[in-house]
Amino acid sequence: MDIVKGFDGFFVDEIESAEEKLQIQISPHSKLYLLHLLKHLSESSDFFFSDVVQDKPLSIVIMEALHKNLFEKTRDLKAVGDLSLIFSGLYPEHLTRRTVD
């Protein structure tokens with residue numbers, strides 16, 4: 001149990017450190033969402049949501065999600081959002097060089 005609490009503490013510290021470094025203030029709800037996402041990714045072997053994305057462009061995943069039932073739509077759109085957060089956080093320079101059609 002101490003290890004799990006340690007992960008939570010580590011991620012909270014990292015989120016707060018990023019806030020200070022970037023001179024921004026993240027809402028409590030956003031912090032909680034980020035904390036949950038980071039904790040989930042640290043415990044999961046499916047880092048890229050392969051069951052949802054399956055090597056498709058995220059725009060295709062969004063389009064397909066719009067035609068699914070509510071549960072699948074919510075799951076797929078959440079995966080797209082989470083992946084977008086991950087990629088924009090890990091590779092921000094990659095996003096500035098890409099064009100979107």
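Only the coordinates and a few stated rules stand behind these numbers; no lab work does. Note that this is a predicted model, so its numbers are computed, not measured.
The table that follows gives values for the structure above.
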| read-out | value |
| --- | --- |
| Reachable lysines from LYS21, criterion Cα separation under 29 angstrom, eight or more residues apart if same chain | LYS5, LYS31, LYS39, LYS78 |
| Label assignment, percent of Cα pairs over 23 Å apart derived from the structure, set [x] 38; [y] 45; [z] 24 | [x] |
